[in-house]
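Derivation of every value follows stated rules applied to the coordinates shown; laboratory data play no part. What you see is a predicted model; the values in this text were computed from it and never measured. In this analysis, Cβ positions are derived from the backbone assuming ideal geometry, glycine residues included, and neighbour counts consider all displayed protein chains.
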Amino acid sequence: MAVSKNDTRVTQSGVVIRNDAGLGGMLGFTQYSGLVYAIAQDDAQGVLNWLDRKQEHPSAQIYISTLGMGWSIPQLKPVYPIPQLLPDTRSWSVVPSPDKPILVNWFITGRCPLACKYCYAEDLMRKEDLEPTAAQISETAETILSLSPVVVVLTGGDPLFSPHIATAMRSLTGRVGIIVDTSGYTMRDHHMRLFAEHGVSIRISIDSQVPRINDAQRPVSSLYPKLVSRGHALDAAMEALCRCLDAGLNVTVQTVATKRTANDLVPLGDTLFRLGVHSWRIFKVAPSQASLSGYQRLVGTHTDDGRAYKGKRAKGPYEHAFAQVLLARAAQWKNQLAIQVTYNESPNSVVLVSPDGRFVTESNTGKGKVLLDNLHPKLPRLSAVRSVVDMSGHAARYLNLTTPFERANS
């Protein structure tokens, strides 16, 4: 069965696909790496036939090494091209804006056991009157699916803190790719069973392998004093990571780079690689005029060339640190670690769903969130989504176009 225009579905191989006329090709998400790839239009039908097990091979080996991992080839023999454009960047002279969102971040709860110093979602959190019921979770899932995303990320808050995480997974399974973002602080056996049952990718947040640094940025929330006895954030995150790896689950580590963690990124990458992690996502904290003082406390006061920050467009002082990570990827980790460096230079490039079901994005002025559709906040029109969200930045974010290609492939 061929895909219809902008229609998301799960193929016989388990890879989630969607044709996208705006992108000029097909999108594919595999749970085994937690990555989205763009597939050139000339190859799309043959790749689709292969993913549906109707033909033995796709048109190029690179598809087997990326979209084939976990079902066509052993999971330990993948290739992680940067950017995520297949079969290669020469097939994409430009990457137009997609017609529909590639990925939607769904805050299924505002509750979180941690109080991260850099949290960008505090304005969507800690509001008990906005916590959804199971019925509202199911309803919001249907609305999200009407936008035909390739991936839905269950986030928060911490989705493991939600009593309705199983309801959310059941509403999405078999219809879209699923990622769970978590600190791992409250991960329990029943969560592990849910992850395996629904074939999700897990993303666990670890900023530093030095406990005092990691836990200074990611302290336990004072709203949950009983949780403090469970230990520090790093201990819980590392335990959760090892449990997922031991269980054969698909896990990515997420790291927020600040002035306290930047110089330790390569040692952290070494640790993750030796543990068997194959996917690492590094965020750059985005400055804004509305929160510049807080940004400077986390990141510093000057750019790489010594100039003072003057607003949200400043690149930040960690270009060298990121370059060292990418060089280590090639020299030490032999490109067996997928690296995504998210620069956050287009703040309104994300699609977020609040716990009460409103669709929002980051303000491009740095002042909180903005509704995607003022007339229909919980059922946004696609035209409104495209007018508010920077769809080119959206594609760049999720196809790894912001990670420097030359350094990544040197």
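Could you give the nm distance between label points at Ala331 and Leu223, where each point is 7 Å from its Cα heading toward the beta carbon?
4.5
Positive end of the charge dipole of segment 7-83 (Lys, Arg +1 and Asp, Glu -1 on Cβ, about the Cα centre): tell me which of Met69, Ser59, Phe29 has its Cα farthest that way.
Met69
Among the listed pairs Lys284/Lys369; Lys127/Lys226; Lys117/Lys334, which have their C-alpha atoms separated by more than 26 angstrom in this model? Provide the component values of the computation, followed by the final result.
Numbers: Lys284/Lys369 19 Å; Lys127/Lys226 19 Å; Lys117/Lys334 33 Å.
From Lys284/Lys369; Lys127/Lys226; Lys117/Lys334, over 26 Å: Lys117/Lys334.
Restricting things to Cα coordinates, could you compute the convex hull volume per residue of segment 9-91 in Å³?
So the per-residue hull volume is 84 Å³.
Out of the DSSP beta bridges found with both residues in segment 11-154, what percent are antiparallel (nearest 5)?
For segment 11-154, the DSSP antiparallel bridge percentage is about 60.
Per-residue ellipticity at 222 nm for the chain, helices alone: DSSP H runs ≥ 4 residues times -39500 (n - 2.57), over residue total, nearest 500 deg cm²/dmol?
Value at 222 nm, helices only, nearest 500: -8000 deg cm²/dmol.
For the chain, the longest stretch holding no trypsin sites (Lys or Arg not before Pro) located in a DSSP loop with at most 11 other Cβ atoms within 10 Å is which? List each step's numbers first, then the result.
Details: sites that count: Arg188, Arg307, Lys310, Arg313, Lys334.
After excluding every exposed loop site, the longest remaining stretch is 1-187.
Once fully extended, how much extra length lies between Val210 and Arg193, figured as 0.36 nm per residue of separation less the alpha-carbon to alpha-carbon distance? Before the final figure, lay out each step's value.
Values: separation 17, 0.36 × 17 = 6.12 nm, distance 2.99 nm.
Length gained, Val210 through Arg193: 3.1 nm.
Based on the Cβ-Cβ distance from Thr133 to Ile73, what FRET efficiency comes out when R0 is 45 Å, to the nearest 0.05?
On the way: r = 43 Å, r/R0 = 0.95.
Between Thr133 and Ile73 the formula returns 0.55.
Please compute the Kirkwood hydrodynamic radius over the chain, one decimal place, Å, based on all pairs of different Cα atoms.
One over the average 1/r among Cα pairs gives 21.5 Å for the chain.
Could you point to the residue in His278, Phe195, Pro267 farthest towards the positive end of the chain's charge dipole, with +1 and -1 charges on the Cβ of Lys/Arg and Asp/Glu respectively?
Pro267
Give me the three principal axis extents of segment 142-248 from the C-alpha atoms, as integers in angstrom, largest value leading.
43, 30, 22
Tell me, in nm to one decimal, what length is gained between Ala60 and Arg381 on full extension, where the rule is 0.36 nm per residue of separation less the Cα-Cα distance?
Answer, rounded to one decimal: 111.8 nm.
Using a basic spin-label model with each label point 7 Å from the Cα along Cα→Cβ, how many nm lie between Phe405 and Glu122?
3.9
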